Structure formats: C-alpha cells, structure tokens
1. Can you tell me which residue among E340, E328 is part of a loop (DSSP other than H, G, I, E, B), touching a Ser or Thr at 6+ places or on another chain (Cβ under 6 Å) and of a type in the set (D, E)?
2. Kindly list the number of the only condition in (1) more than 21 Å from the chain's Cα centre (by Cα); (2) buried (at least 17 other Cβ atoms within 10 Å of the Cβ); (3) of a type outside the set (D, E) that fails for L277.
3. Restricting to region 126-143, what's the tally of residues that are over 20 Å from G162 (Cβ atoms) and either open to solvent by less than 20 Å² (accessible area, probe 1.4 Å) or out of contact with any Phe, Trp or Tyr (no Cβ under 9 Å at 6 or more places or on another chain) (or both)?
4. Can you confirm whether H190 is modelled with pLDDT of 95 or more and open to solvent by 40 Å² or more (accessible area, probe 1.4 Å)?
5. Can you go through G253, G304 and tell me which one is in contact (Cβ under 8 Å) with a residue 60 or more places away in the chain and crowded, with 20+ Cβ neighbours inside 10 Å?
6. Among the residues of region 144-166 satisfying the criterion of being of a type in the set (G, A, S) and out of contact with any strand residue (DSSP E or B) (no Cβ under 6 Å at 6 or more places or on another chain), which is surrounded by the fewest Cβ atoms within 10 Å (Cβ to Cβ)?
7. Looking only at residues that are surrounded by 19 or more Cβ atoms within 10 Å (Cβ to Cβ) and closer than 15 Å to S133 by Cβ in region 207-235, which one is nearest to the chain's Cα centre (by Cα)?
8. Go through (1) in a helix (DSSP H, G or I); (2) more than 21 Å from the chain's Cα centre (by Cα) and name the single condition V292 misses.
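The values are calculated or read from the model by the stated rules, or taken from the named source; none is laboratory data. From a predicted model like this one, the values you see are computed outputs, not experimental measurements. Positions of Cβ are backbone-derived with ideal geometry, glycine not excepted, and every protein chain shown enters the neighbour counts. Areas reflect the complete protein model, heavy atoms only, side chains present, ligands, DNA and RNA absent. Shrake-Rupley method; radii C 1.70, N 1.55, O 1.52, S 1.80 Å.
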Amino acid sequence: MAQDGLNYRDAGVDIDAGNRLVDLIKPLVKATARPGADADIGGFGGVFDLKRAGFSDPLLVATTDGVGTKLKIAIETGKHDTIGIDLVAMCVNDLVVQGAEPLFFLDYFATGHLSPEVGAQIVRGIALACKESGCALVGGETAEMPGMYAEGDYDLAGFSVGAVERPDLLPKPDVQAGDVILGLASAGVHSNGYSLVRRVVERAGLGWHDPAPFAPGESVGVALLTPTRLYVKSVLSVIRSTGAVKALAHITGGGITENLPRVLPKGTVARIDLGNLVVPPVFRWLAQTGGVAPEEMLRAFNCGIGMAVVVPAEAEETVAAAFADAGETVVRLGVIEPGEGAAHVVYEGSLGL
C-alpha cells in the first residue's frame with residue numbers, strides 16, 4: 001500500500017507562516033523609508049539610489065555582525081523586542097566610525113520553527129533602530145530550518161551599507177601624538193562578552209526573572225537585555241558641525257584595549273586614565289561576582305565606554321560640548337603619545353570596580 005504523500009509542512013517548514021510574518025512586518029519596514037530607498041519588500045533585492053540620497057563622490061562602507069549569545073537571554077526570557085536594536089547598532093555603529101552615513105540594512109533570521117509573532121517582535125526592534133539611525137530596512141531573509149535549531153532557538157545576522165564623501169573618510173591620516181581621546185558612555189554591556197556574563201549569572205545562582213543586584217527594580221534578564229546604544233545621530237552631527245573629529249573606535253569585543261589601536265598609526269600609544277571612567281554598576285557586579293580581573297574586564301567588556309573619539313587638543317572642549325549637546329555623556333579618556341612599534345594602549349590608574 002502506497003504511503004501518503006509528504007508536503008513541505010510535514011517536513012517542518014510552514015510557507016504560510018513565512019507569508020504571515022511578511023504581512024506583519026510590512027508596515028514596520030515601510031516606516032524606515034529614507035531618500036534613496038522606498039523600503040518596500042518582496043523583491044529579490046533592495047535598490048538604493050545614491051544620487052537621490054545627495055552624494056556626489058561617495059565611498060561605500062559595508063559591515064556585518066550578529067548579537068552573539070545575548071540571543072540566549074532573549075530566547076530564555078521570551079523578550080524579543082529589543083534584540084533587533086542590538087543587531088542594527090552593532091552594524092551601524094561600525095559604519096559611523098568611518099564617517100559613513102548608514103543608508104540601508106538587511107537582516108537574516110534563522111530558526112527551527114517559525115513563529116510569526118516572535119519574528120515580528122524582532123523586526124520591530126530592527127525597524128526602530130533603523131529609523132533612529134536614518135537607515136532604510138530594504139530586505140532580509142527568514143530561514144525555517146527544522147533540525148538545525150532547538151525548539152524556540154533562533155539566530156540573527158545583520159548587514160549594513162553606508163556612504164561617505166571621499167574627503168571625509170575616517171580615520172584621518174593626521175592622527176598623531178598630542179591628540180586627545182574622548183569617550184562616549186555606553187548603555188551597559190551592549191552586545192559583547194555575554195558568554196562570560198551568562199557564566200557569572202550561573203555562578204551567582206540567579207535566574208533571568210530574579211531581581212537584578214545591579215539594577216534596582218529590574219529583573220536580571222531585562223537589565224542584561226538593555227540594548228546597545230546607537231551613536232549614529234550624535235556622531236554624524238558632531239563630525240559635521242565641528243569638522244574636528246579625526247578618528248572614532250566602536251568599543252565592542254576586545255574593549256578599549258583592542259579596538260582603539262585599530263584607528264591609531266604605527267608608532268603611537270594611547271595613554272588612558274582609568275580613573276576618568278564612570279563604570280556602570282553591572283560591570284562592578286560582574287567583576288566582583290565572577291572574580292574577573294580588571295585587565296580581563298577591559299578586554300571582554302566596554303566598561304562604560306561605547307565609543308572613543310580622537311580630536312586635536314585645541315578642539316577638545318568644542319567637541320566635548322557638541323557631544324553633550326547631542327545627548328551623549330562625555331569623558332576625557334586620555335592622550336596619544338609617541339611610541340614604538342604597533343599602536344597600543346597603556347592604562348594609568350585603576351578601574352572603579
């Protein structure tokens with residue numbers, strides 16, 4: 001006797017659920033429209049008109065990133081509405097450090113079993129962050145792959161493209177000894193170091209819904225899901241209004257220790273005064289509860305600084321005031337000095353842990 005025929009749904013892939021997700025996110029995507037992109041979805045590719053966006057001699061800058069194991073907290077708490085903000089921020093903050101204006105964004109969402117409602121929550125965060133960054137959400141891909149992911153699990157990847165006029169590309173070639181390094185405060189852990197964060201939470205014997213020892217009035221999960229800060233608007237505003245920004249470093253995995261040297265020339269040293277950092281309570285808690293050494297904290301986490309800014313010494317006050325006016329909390333991290341060999345960071349003082 002012949003067996004009944006199979007269909008795609010029997011194999012674990014629900015095309016109707018995918019179509020429902022597209023219907024749910026269409027208004028979210030439409031809300032991200034900007035000059036150069038109409039933000040419609042449904043075609044095979046997104047189209048962007050650089051001329052309509054106002055560029056005359058642009059260089060394109062492209063980035064891609066994910067959210068790492070912070071996803072596990074979103075999945076295990078069932079709170080999916082902010083993780084999309086992290087996804088966008090990790091990409092567009094990398095664009096703006098090169099002076100580029102984010103133009104468009106695409107996402108990749110993979111899961112074992114597609115829940116249109118969960119997908120829509122994720123895309124709502126993506127769309128919110130895109131709109132905040134002036135970045136059109138021009139498309140993406142949803143992949144339902146039964147057998148690849150455990151029940152409820154999913155993964156995210158983001159891809160973003162920006163543009164900068166050729167003379168405005170950062171870092172500038174005249175970064176040199178004597179320049180000052182400013183720091184812009186982070187919103188918390190952002191999206192790096194969460195494998196270590198999760199180990200510390202486990203060591204503390206805490207669940208995601210328990211009160212957070214480092215954030216009164218919030219649960220551990222909600223506090224640790226605080227999204228990555230979006231620096232696009234403030235940074236582009238200050239670049240354009242002051243003309244004094246020489247270089248920027250997005251402080252992600254590797255911390256100040258590994259990210260700042262990426263924008264400094266050979267033969268220089270960034271001397272950082274740790275006493276000037278205002279360390280958020282979450283980092284003190286992680287260090288004390290996990291027994292994490294200060295040097296490891298500085299390599300694994302941002303420790304309160306989400307963006308470093310290099311400016312000429314004579315422009316320090318002007319740039320700091322401009323960032324404060326743009327809503328950023330600004331500290332003086334240190335100075336660039338002559339050195340030998342590859343650029344590196346030297347710390348003075350102690351981290352307030």
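1. Numbers: E340 fails: touching a Ser or Thr at 6+ places or on another chain (Cβ under 6 Å).
Selected residue: E328, the only one of E340, E328 that is part of a loop (DSSP other than H, G, I, E, B), touching a Ser or Thr at 6+ places or on another chain (Cβ under 6 Å) and of a type in the set (D, E).
2. The one condition L277 does not meet is (1).
3. Step one: filter region 126-143 for residues over 20 Å from G162 (Cβ atoms), giving 141-143.
Now restrict to residues that are either open to solvent by less than 20 Å² (accessible area, probe 1.4 Å) or out of contact with any Phe, Trp or Tyr (no Cβ under 9 Å at 6 or more places or on another chain) (or both): 143.
Final tally of qualifying residues: 1.
4. Numbers: modelled with pLDDT of 95 or more: yes; open to solvent by 40 Å² or more (accessible area, probe 1.4 Å): no.
Considered against the rule, which asks whether it is modelled with pLDDT of 95 or more and open to solvent by 40 Å² or more (accessible area, probe 1.4 Å), H190 comes out as no.
5. On the way: G253 fails: crowded, with 20+ Cβ neighbours inside 10 Å.
The unique qualifying residue is G304.
6. Here is the first cut: in region 144-166, the residues of a type in the set (G, A, S) are 147, 150, 152, 157-158, 160, 162-163.
Those still in the list that are out of contact with any strand residue (DSSP E or B) (no Cβ under 6 Å at 6 or more places or on another chain) too: 147, 150, 152.
Values: G147: 8, A150: 10, G152: 13.
Filtering region 144-166 for residues that are of a type in the set (G, A, S) and out of contact with any strand residue (DSSP E or B) (no Cβ under 6 Å at 6 or more places or on another chain), the one surrounded by the fewest Cβ atoms within 10 Å (Cβ to Cβ) comes out as G147.
7. T228
8. (1)
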